[in-house]
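These notes are about the structure you will find just below.
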Amino acid sequence: MVSPTSGASTECIFCRIAEHRSPAYLFYEDAHTMAFLDIFPFTRGHALVVPKRHGARLTDLPWEDQTRLIRTLDTICRRVERLTSDYNVALNAGPRAGQIVFHAHFHVIPRYGESNPFGPKERERLSDDDAKQLVRELSAP
């Protein structure tokens, strides 16, 4: 198994989640990657796909970890298709690109026909009940 904190700061929330030291609504995990729900989702089912090894950007990760991450991204996109056939996949690299957590990660954002969910409106915190339901829906292979 990869050491999640290789080069990481103890302040990285995604490293702490990868080490199971911080809570998350986790619905997928393997030896190198994981997926969990965004707690301030743009839409219902907004998921984050994360490598366990720390790297601020995709290009900071070894090629093998990039490949594993993309394979997991494919798996998560297929699971999100249980919610809706339409979704966005995004990777923000750097603060001017909107990156807030400096640990490489993809967003998978289900779309339900709403207008632009990425506008300046304040995002609501995911409820525990909805999170538990989503974890059930997205956990099964």
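The values are calculated or read from the model by the stated rules, or taken from the named source; none is laboratory data. Note that this is a predicted model, so its numbers are computed, not measured. Methodologically, a virtual Cβ is constructed for each residue, glycine included, from the backbone with ideal geometry; neighbour enumeration extends over all protein chains shown.
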Report task. Please work out if PRO120 is over 25 Å from GLU11 (Cα atoms) and within 17 Å of the chain's Cα centre (by Cα). Result -> no
Report summary line: Sole miss for SER115 among (1) among the small types (Gly, Ala, Ser); (2) assigned to a loop (DSSP other than H, G, I, E, B); (3) surrounded by 12 or more Cβ atoms within 10 Å (Cβ to Cβ) is condition (3)
Report task. Go through (1) in contact (Cβ under 8 Å) with a residue 60 or more places away in the chain; (2) within 30 Å of SER115 (Cα to Cα); (3) in a helix (DSSP H, G or I); (4) not polar (S, T, N, Q) one by one and return the number of the condition ASP65 breaks. Result -> (2)
Query raised in the report: Under 9 Å by Cβ, and 6 or more places apart or on different chains, what pairs join a residue from the range 10-33 that is modelled with pLDDT under 95 with one that is of a type in the set (Gly, Ala, Ser)?
Result: none
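Return the only residue of ARG82, ARG21 being in contact with a helix residue (DSSP H, G or I) (Cβ under 8 Å, 6 or more places away or on another chain), among the basic types (Lys, Arg) and in a loop (DSSP other than H, G, I, E, B).
ARG82
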Query - Only listed residue being of a type in the set (A, V, I, L, M), outside any strand (DSSP E or B) and touching a Cys at 6+ places or on another chain (Cβ under 8 Å), chosen from VAL89, VAL101 - result: VAL101
Query raised in the report: Considering the range 34-53 alone, what residues qualify as being out of contact with any His (no Cβ under 6 Å at 6 or more places or on another chain) and either more than 21 Å from PRO23 (Cα to Cα) or in a loop (DSSP other than H, G, I, E, B) (or both)?
Result: ILE39, PHE40, PRO41, PHE42, THR43, ARG44, GLY45, HIS46, ARG53
Query raised in the report: Which condition breaks for PRO51 when tested against (1) within 24 Å of CYS12 (Cβ to Cβ); (2) of a type outside the set (Asp, Glu); (3) free of Cβ contacts under 8 Å to residues at least 40 places away in the same chain?
Result: (3)
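Counting only residues that are basic (Lys, Arg) and surrounded by fewer than 20 Cβ atoms within 10 Å (Cβ to Cβ), which one in the range 41-78 is nearest to ASP130 (Cα to Cα)? Talk me through it step by step, then tell me what you get.
So the first thing to find is which residues in the range 41-78 are basic (Lys, Arg), and the list is 44, 52-53, 57, 68, 71, 78.
Within this subset, residues satisfying the condition of being surrounded by fewer than 20 Cβ atoms within 10 Å (Cβ to Cβ) are 44, 57, 71, 78.
On the way: ARG44: 9, ARG57: 30, ARG71: 27, ARG78: 20 Å.
Only one residue fits best here, namely ARG44.
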